[in-house]
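S.K.: Handing you this structure, nothing more for now.
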């Protein structure tokens with residue numbers, strides 16, 4: 001009987017089960033209106049969690065519209081982990097499938113991916129970033145066979161929309177600045193220390209990092225960068241990422257799995 005009661009309670013707090021109050025009353029719980037208050041508090045709390053994770057989305061659609069989106073998301077995707085900071089990972093996919101939102105603001109799903117990447121990076125475990133000193137002693141001719149790993153806080157988001165320009169806005173520009181209504185942008189999110197960086201990446205840099213993430217050697221990743229952007233400069237790229245903490249301190253040389 002207890003499992004049935006627990007199932008009914010959960011269905012009523014998150015879902016749309018109209019028989020929940022009756023089931024709970026039959027099990028000995030009274031005052032169904034108090035249950036309704038509890039249910040509303042859950043939705044309000046989870047809406048607050050989503051607002052904290054997606055502040056730009058909330059700003060651009062407005063508080064009332066965001067509350068509607070959040071309510072629908074919570075009802076369809078209740079929390080599955082006890083950590084509230086982990087709640088909201090499916091919000092971008094939810095937005096992509098919500099026609100009224102994407103018809104008016106088609107960039108919302110990708111912008112949500114950027115905001116969720118920021119949330120994930122903030123709560124990701126700490127790790128030592130790769131520094132120039134870790135590469136000291138390696139012969140320059142050996143760099144091509146080097147395999148680097150992205151820092152665990154790194155997230156890569158490619159979009160057909162100017163999501164880096166939109167991220168952090170309080171409201172949509174009216175009118176939009178020339179060139180802001182379209183155009184692809186690639187975003188790198190990372191947190192090598194305490195601060196989350198949201199960086200606009202070039203196409204070559206983005207292709208390079210994507211190849212590194214896929215396990216390519218430094219030489220292979222550089223070739224991917226050049227293929228995406230003939231002006232890609234590996235030396236400048238590496239210097240920037242070593243300064244920014246994009247890579248993990250563990251390195252794999254000659255594909256042996258030996259860590260440096």
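S.K.: Quick one: if the Förster radius is 30 Å, what FRET efficiency do residue 85 and residue 229 give, using the C-beta to C-beta distance and rounding to 0.05?
M.R.: Values: r = 36 Å, r/R0 = 1.19.
Efficiency at R0 = 30 Å is approximately 0.25.
S.K.: Something else: Test of understanding: express the Cα radius of gyration of region 47-112 as a ratio to 2.2 N^0.38 Å, with N the residue count. List each step's numbers first, then the result.
M.R.: Working: Rg = 11.0 Å, N = 66, 2.2 N^0.38 = 10.8 Å.
Relative to the 2.2 N^0.38 Å estimate, region 47-112 comes out at 1.02.
S.K.: Whole angstrom only: what separates the Cα centroid of region 103-168 from the Cα centroid of region 169-237?
M.R.: Each part's Cα centre sits 8 Å from the other's.
S.K.: Just want to confirm a number: the relative contact order over region 127-260, from Cα pairs under 8 angstrom separated by 6+ residues, in percent.
M.R.: 37
S.K.: Same structure, new question: Determine, for each peptide in 152-164, 131-143, 90-102, the mean count of other beta carbons within 10 angstrom over its residues, then list the peptides with the highest first.
M.R.: Values: 152-164: 20.3, 131-143: 11.0, 90-102: 16.0.
The peptides rank, most packed first, as 152-164, 90-102, 131-143.
S.K.: Rounded to two decimal places and with Rh computed the Kirkwood way over Cα pairs, what is Rg over Rh for region 127-260? Please report the intermediate quantities before stating the final value.
M.R.: Details: Rg = 16.3 Å, Rh = 15.9 Å.
Here the Rg-to-Rh quotient is 1.03.
S.K.: Going highest first, how would you order 71-79, 220-228 by mean Cβ packing within 10 Å?
M.R.: Details: 71-79: 16.0, 220-228: 19.8.
Result, highest mean first: 220-228, 71-79.
S.K.: Then there is this: Would you mind getting the Kirkwood hydrodynamic radius of region 77-184 from its Cα pairs, rounded to one decimal in Å? Mind dumping the intermediate values first?
M.R.: Working: mean 1/r = 0.0583 Å⁻¹.
Across region 77-184, the inverse of the average 1/r is 17.2 Å.
All of the numbers you see were taken from the coordinates with simple rules; none came from a lab. Predicted model, so just to flag it, every value in this text is computed and none were measured. Glycine gets a Cβ as well: all are built from the backbone with ideal geometry, and neighbour counts include every protein chain shown.
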